[in-house]
Amino acid sequence: MTLLEIADLRVAFPGPTGPVNAVNGVSLEVEAGRTLAILGESGSGKSVTAQAVMGILDAPPARIDGAVRLRGRELLTLPRKQRDRISGEEIAMVFQDAMAALNPVYTVGHQIMEVLRVRRGMSKADARRRAVELVDRVRIPAAKDRIRDYPHQFSGGMRQRIMIALAISLEPDLLIADEPTTALDVTVQAQVMELLAEIQRDSGMGLMLITHDLGVVAEVADDVAVMYAGRIVERGTVGQIFDGPAHPYTEGLLASMPRVDRRDDVLYAIPGAPPNPAQLPTGCPFHLRCPRATDECRVTLPPLAALPAGRESACHHYEEVLGARR
Ligand code: SF4
Ligand code: MG
């Protein structure tokens, strides 16, 4: 069942020389009970897409067009009050920086209890009991005592767990996690990601996971949408994409991924940098960095085309890309 549907989403911000087109017609779905990874470099529009879904972009100055539907209900045009009610209850978000998302002057227990008391009308005693359960759920030892601590008394990884506890406190149907482990060191990253995946599985919620990390995608995603310059350039299941990408950008990302079974001294890196969203190139936005680019690519924007087996690719030469791996 489709939980979230984004249709032709466009987001532009005013810039000094004209609009900055951060998201240029993104369409995707998050299925209930599945994890969709949105993969892209910084500046690809993946965070802005998430923020538009979450309703936390200022509009104006942002100009937002298209549709965002949660179980068929349009969110972009919902009055503020109804929109706010959906936040937390139906869609919740976990950010990269827990320190910025948590309030430094209240204990973590107080912050979780406050949500439960205000939104669920729970008594103080019930809210405390539930807060302990939630903190325990995210595997923080001695939850009963730790809820009396302030955010700064936790390590980075533990704080991220607290933010997850807060995000799932109202049992949302969809969780959006924007680079939730990027700021953590590698071992802690893996533990927090594992926890997030486990909670997703147990609760059956949909997870939209925003990441630049292919390793994370391989670990936890069911479906993948690869973003470049504000567009989706490839979509498929995680198996399809790792078995054989259908877009040169994904091909480059995979080639630059460190792998234990391949001991290259120098990793491949995609040449150049992503284009400036205020000055997108003509034709395919990837053509300046693409080893497969032809004259057609420099003039004509490739549409996101349907491929066999439910995949999609926005490349004029996707057949060659698919063929390269066989
Ligand atoms: Fe490369 Fe052309 Fe495909 Fe764009 S359309 S990704 S430039 S081959
Ligand atoms: Mg980001």
Could you please let me know if residue 26 is away from ligand 1 (no atom under 16 Å from the Cβ), part of a helix (DSSP H, G or I) and either surrounded by fewer than 17 Cβ atoms within 10 Å (Cβ to Cβ) or modelled with pLDDT of 95 or more (or both)?
no
Spot the failing condition for residue 187; the list is (1) within 16 Å of ligand 2 (Cβ to nearest atom); (2) without any contact (Cβ under 8 Å) to a residue 12 or more places away in the chain, and only one is missed.
(1)
Check every one of the helices (runs of 4 or more DSSP H) wholly within the stretch 72-175 and list those with 2 or more residues that are touching a Pro at 6+ places or on another chain (Cβ under 9 Å).
80-89, 98-101, 108-120, 156-167
Within the stretch 112-129, how many residues are surrounded by 18 or more Cβ atoms within 10 Å (Cβ to Cβ) and either more than 30 Å from the chain's Cα centre (by Cα) or over 16 Å from residue 87 (Cα atoms) (or both)?
3
What pairs can you find where one residue is in the stretch 230-249 and over 22 Å from residue 23 (Cα atoms), the other is assigned to a helix (DSSP H, G or I) and among the hydroxyl-bearing types (Ser, Thr, Tyr), and their Cβ atoms are less than 8 Å apart, with a gap of 6+ or different chains?
241/250
Let me spell it out: the conditions are (1) in contact with a strand residue (DSSP E or B) (Cβ under 6 Å, 6 or more places away or on another chain); (2) aliphatic (A, V, I, L, M); (3) farther than 30 Å from residue 250 by Cα, and residue 102 meets all of them except one. Which number is the exception?
(1)
Scanning the stretch 298-326 for residues that are free of Cβ contacts under 8 Å to residues at least 24 places away in the same chain and part of a loop (DSSP other than H, G, I, E, B), which turns out surrounded by the most Cβ atoms within 10 Å (Cβ to Cβ)?
302
Tell me, which residue of the stretch 152-184 that is within 16 Å of ligand 2 (Cβ to nearest atom) and of a type in the set (Val, Ile, Thr) is nearest to residue 203 (Cα to Cα)?
176
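Considering each of 314, 229 in turn, give the residue that is away from ligand 2 (no atom under 16 Å from the Cβ) and within 25 Å of residue 6 (Cβ to Cβ).
On the way: 229 fails: away from ligand 2 (no atom under 16 Å from the Cβ).
Result of the check over 314, 229: 314.
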Output for the stretch 6-32, where each listed residue is β-branched (Val, Ile, Thr) and closer than 18 Å to residue 237 by Cα
6, 26, 30
Among the residues of the stretch 108-129, is any more than 26 Å from residue 188 (Cβ to Cβ) and among the β-branched types (Val, Ile, Thr)?
yes
Out of all the residues in the stretch 251-263, is one or more surrounded by 15 or more Cβ atoms within 10 Å (Cβ to Cβ), within 15 Å of ligand 1 (Cβ to nearest atom) and more than 23 Å from the chain's Cα centre (by Cα)?
no
What helices (runs of 4 or more DSSP H) lie completely within the stretch 182-246 and have 3 or more residues being surrounded by 18 or more Cβ atoms within 10 Å (Cβ to Cβ) and under 16 Å from the mean Cα position of the chain (by Cα)?
186-203, 214-220
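The values are calculated or read from the model by the stated rules, or taken from the named source; none is laboratory data. Note that the structure is predicted; figures quoted are calculated from it, not measured. Virtual Cβ from ideal backbone geometry, glycine too; neighbours counted across all protein chains shown.
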